[in-house]
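Have a look at the structure below before the remarks.
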Amino acid sequence: MSLLTIDQLSIRFGDVRAVDKVSLSVAEGEVLGLVGESGSGKSTLGRAVCGLESPAAGQIEIAGRPLPKRFTAATFRKQAALVQMVFQDAYSAMNPRMTLLESLCEPLRLQGKQRGREESLALDWLDRIGLPRRFATRYPHELSGGQRQRLGIARAFITEPKLVICDEPVSALDVSVQAQIINLLQQLQRDTGVAMVFIAHDLAVVRHLAERTAVMYHGRIVELGGRDLFASPRHPYTQALVAANPGAGRELLESKSLLPPAAEGCAYRRRCRFATEACRAGEPLLSDVGGQRLVACDRLAEIEKS
Amino acid sequence: MSLLSVRDLHIHIGDNHLVRGVDLAVERGECLALVGESGSGKSLTALSLMQLLPSHARLEHGEWLFDGQDMRSLDEKAWRKVRARRIAMVFQNPMTALNPTMTIGQQIAEVICLHTSMSRREARQRAIDLLERLGIVNAPRRAKQYPFELSGGMLQRAVIAMAVACGPSMLIADEPTTALDVTVQAEVLALLQELCRDEGLGLLLITHDLGVVEAMAKHLAVMYAGRIVESGECARVLSQPAHPYTRALQAAMPSLGEARESLQGIAGTPPDLSRQIPGCAFAPRCPQAMNICVRELPQTRLIETGQCTECWLWEKPE
Ligand SMILES: Nc1ncnc2c1ncn2[C@@H]1O[C@H](COP(=O)(O)OP(=O)(O)OP(=O)(O)O)[C@@H](O)[C@H]1O
Ligand SMILES: Nc1ncnc2c1ncn2[C@@H]1O[C@H](COP(=O)(O)OP(=O)(O)OP(=O)(O)O)[C@@H](O)[C@H]1O
Ligand code: SF4
Ligand SMILES: [Mg+2]
Ligand SMILES: [Mg+2]
């Protein structure tokens, strides 16, 4: 069953279309990857699911219920028990005056979960994220960047929500600690059935964790597919993204990546090496191209024939 | 002579001996990458090179030369002239460098006006040019926005623009591309490479992304628990890692190609640095540890493959 359903969601900041007609669903216990250009709307989309942005249009449903338009203390608590977020900027999401122990116990207390066991659970979580227990009395500013990021992960998962929006949750971790944390996330997914929207720019990490991945460009989803997405990208933007992955050989690097998105037609057309006059006209819709793949490119058939 | 050379750097905070004898040398026009475990002391090392450690931190140096000058004797007034103009830094957390109440264009221009003879107007134009070169589209408009209006990756690039704005001779960049997608990252790295090549910038690049290291760095230093455990030419260290920690790091990389059940982390946790560590700090987690490893610190050795490492496996038996 679908846990999260997003239908035709649009979010604007003035005349910036941060999120534009996005539809997505995440099943219970599923990990959905979300990748895309810097500024394409990934964090905004994630924040909207947590009720932190007000949509201009569209619907968000979690566990069958539409997200409340306005939050009261009670609906907020109910929502927090369902959805949590690991913020891209771990530091600003923390209370600088709370010790690690306090900041891990706080979400449990707020939700009245694990009463009486908060502290021992918090200490367990320090072990799980690889921080020594002696750190329990430290403050966030006494942590390294990666230690802080791990604290943010623990805070989001400790209350066992149904869904966690992870916004670049491992970007500050060296590969060995990253491996530990990714294994932990996988284990949590197996043991507690938590679903995740996993926003990251590291394609290898996304491929490892996510069954399906959506690719965003300029507020829209341009491609959606399973793990084979990275081996056989089909939208021209996804192809450029995979080609620019470090280690993939730098010659393939896109030289036109400075060109701004187009206002009409396909937003990617100025950078696209397959663009023709036709791309100026309609806005390509995300459509099913078979093999569990959705692509938003009107010229896909022609491109792939040649 | 190196642009920057530091010998035997120690940093203590409270009872913790967090950086325990680090040697680094950064050459003009070259990139030195510093990698290592989360919490190993990379950011503290970087901050110390800008004299920006928290005031209760204690700092010791064997030697600290920048551009031929002994930096240990500088007072705060002299330091204010050095920062931004001669040594600039990109902080790991972009928000520490930004003022939330000013637009990013203003902030970059202000740094330029403060340290160069450019006029306001020229400075504003330079700010926009830099943002553009860092792959920010609609830069003139973006320059007029406040930090909270920008995405994570745009903020990161704004901070990079601010750091390179006054043409420093050295740049310390602490995880400068973590919030960037790979196409934008390529853009940013290209600019840094250009500055190294054309303007002789010395770059100390802290990153955990070994792909970025490979693309950028001539030399590589690997840090574990406050010490450099391996260093040398980047290509050699990555192709034939000598220290068991470096090897474990490589084994932990996920790849775009093959599928794996689970990734290979390193079991155990880093040591408690409030206690004296007589031997190799990696010993409790090292699959090849011997008795002597716990008791005595191995010497740094130049090994056949050309890199330096600090590990008993490479000590010749007497
Ligand atoms: N509070 C805000 N006010 C105005 N504009 C905003 C605000 N928040 C986000 N934006 C704009 O919305 C767009 C999408 O931003 P968002 O942070 O969602 O991008 P992102 O995909 O997460 O990028 P990154 O990978 O760089 O973090 C950007 O153009 C950004 O400038
Ligand atoms: N103000 C402080 N007081 C006490 N300990 C601190 C303080 N700042 C940092 N530390 C500790 O010093 C160690 C080194 O921190 P540093 O920030 O240099 O790590 P790092 O190598 O940059 O890690 P990361 O890759 O996670 O950013 C960490 O274990 C951290 O907890
Ligand atoms: S629709 Fe046209 S412009 Fe857009 S990505 Fe496809 S080919 Fe390129
Ligand atoms: Mg973001
Ligand atoms: Mg750091």
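The values are calculated or read from the model by the stated rules, or taken from the named source; none is laboratory data. These numbers come from a predicted model, not from an experiment. All Cβ positions, glycine included, derive from the backbone under ideal geometry; neighbour counts span all protein chains shown. Only protein heavy atoms, including side chains, enter the accessible area calculation; ligands, DNA and RNA are left aside. Shrake-Rupley method; radii C 1.70, N 1.55, O 1.52, S 1.80 Å.
Tabulated results
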| read-out | value |
| --- | --- |
| Residue within the stretch B:119-141 that is within 16 Å of ligand 4 (Cβ to nearest atom) and either touching a Lys or Arg at 6+ places or on another chain (Cβ under 6 Å) or farther than 17 Å from A:PRO261 by Cβ (or both) present | yes |
| Number of the condition not met by B:ASP209 [criteria: (1) away from ligand 5 (no atom under 16 Å from the Cβ); (2) among the acidic types (Asp, Glu); (3) at the interface with chain A (Cβ under 8 Å from one of its Cβ atoms)] | (1) |
| Counted residues, the stretch B:165-185 - those being under 15 Å from B:ALA88 (Cβ atoms) and either surrounded by 23 or more Cβ atoms within 10 Å (Cβ to Cβ) or within 11 Å of ligand 1 (Cβ to nearest atom) (or both) | 5 |
| In the stretch B:128-144, residue nearest to B:GLY105 (Cα to Cα) [restricted to those that are buried (at least 18 other Cβ atoms within 10 Å of the Cβ) and touching a residue at least 24 places away in the same chain (Cβ under 8 Å)] | B:ALA143 |
| Residue match in the stretch A:64-71 (condition: surrounded by fewer than 21 Cβ atoms within 10 Å (Cβ to Cβ) and within 14 Å of another protein chain (Cβ to nearest Cβ)) | no |
| Search result, residues across the stretch B:151-182 that are among the β-branched types (Val, Ile, Thr) and more than 13 Å from every other protein chain (Cβ to nearest Cβ) | B:VAL164, B:ILE172 |
| Residue within the stretch B:75-84 that is of a type outside the set (Lys, Arg), touching a residue at least 40 places away in the same chain (Cβ under 8 Å), surrounded by 12 or more Cβ atoms within 10 Å (Cβ to Cβ) and more than 16 Å from ligand 3 (Cβ to nearest atom) present | yes |
| Flag if B:CYS234 is in contact with a helix residue (DSSP H, G or I) (Cβ under 9 Å, 6 or more places away or on another chain), more than 10 Å from chain A (Cβ to nearest Cβ), of a type outside the set (Gly, Ala, Ser) and open to solvent by less than 20 Å² (accessible area, probe 1.4 Å) | yes |
| Matching residues in the stretch B:193-230 - criterion: being of a type in the set (S, T, N, Q) and more than 14 Å from the chain's Cα centre (by Cα) | B:GLN193 |
| Counted residues, the stretch A:287-306 - those being open to solvent by 60 Å² or more (accessible area, probe 1.4 Å) and more than 6 Å from ligand 3 (Cβ to nearest atom) | 8 |
| Criterion: among the aliphatic types (A, V, I, L, M) and without any contact (Cβ under 8 Å) to a residue 24 or more places away in the chain - qualifying residue of B:MET170, B:MET118 | B:MET118 |
| Qualifying position, being open to solvent by 60 Å² or more (accessible area, probe 1.4 Å) and within 23 Å of B:SER151 (Cβ to Cβ), among B:GLN106, B:GLN125, B:GLN92 | B:GLN106 |
| Selection within the stretch B:16-55 - within 11 Å of another protein chain (Cβ to nearest Cβ), more than 8 Å from ligand 2 (Cβ to nearest atom) and part of a loop (DSSP other than H, G, I, E, B) | none |
| Among residues of the stretch A:99-119, those that are exposed (fewer than 15 other Cβ atoms within 10 Å of the Cβ) and either under 25 Å from B:GLY265 (Cα atoms) or touching a helix residue (DSSP H, G or I) at 6+ places or on another chain (Cβ under 9 Å) (or both), counted | 5 |
| Complete set of residues in the stretch A:265-306 that are polar (S, T, N, Q) and not in a loop (DSSP other than H, G, I, E, B) | A:SER287 |
| Selection status of B:GLY202, in contact (Cβ under 8 Å) with a residue 40 or more places away in the chain, away from ligand 2 (no atom under 16 Å from the Cβ) and either away from chain A (no Cβ under 14 Å) or open to solvent by less than 40 Å² (accessible area, probe 1.4 Å) (or both) | yes |
| Any chance A:ARG134 is among the basic types (Lys, Arg), at pLDDT below 95 and under 24 Å from B:SER274 (Cα atoms) | yes |
| Candidate set: the stretch A:96-123, residues that are assigned to a helix (DSSP H, G or I) and within 14 Å of chain B (Cβ to nearest Cβ); chosen: the one nearest to ligand 5 (Cβ to nearest atom) | A:LEU100 |
| Number of positions in the stretch A:17-37 that are buried (at least 24 other Cβ atoms within 10 Å of the Cβ) and either of a type in the set (Lys, Arg) or within 11 Å of another protein chain (Cβ to nearest Cβ) (or both) | 3 |
| Residue in the stretch A:42-56 that is within 16 Å of ligand 1 (Cβ to nearest atom), acidic (Asp, Glu) and touching a strand residue (DSSP E or B) at 6+ places or on another chain (Cβ under 6 Å) present | yes |
| Unique match (being out of contact with any helix residue (DSSP H, G or I) (no Cβ under 8 Å at 6 or more places or on another chain), open to solvent by 10 Å² or more (accessible area, probe 1.4 Å) and at positive phi) among A:GLY219, A:GLY226, A:GLY193 | A:GLY193 |
| Residue in the stretch A:37-54 that is assigned to a strand (DSSP E or B) and away from ligand 5 (no atom under 16 Å from the Cβ) present | no |
| B:GLU261 being of a type in the set (D, E, K, R), touching a helix residue (DSSP H, G or I) at 6+ places or on another chain (Cβ under 8 Å), closer than 30 Å to A:PHE230 by Cα and open to solvent by 30 Å² or more (accessible area, probe 1.4 Å) | no |
| Criterion (part of a loop (DSSP other than H, G, I, E, B), without any contact (Cβ under 8 Å) to a residue 40 or more places away in the chain and open to solvent by 70 Å² or more (accessible area, probe 1.4 Å)) met by exactly one of B:ARG275, B:ARG247 | B:ARG275 |
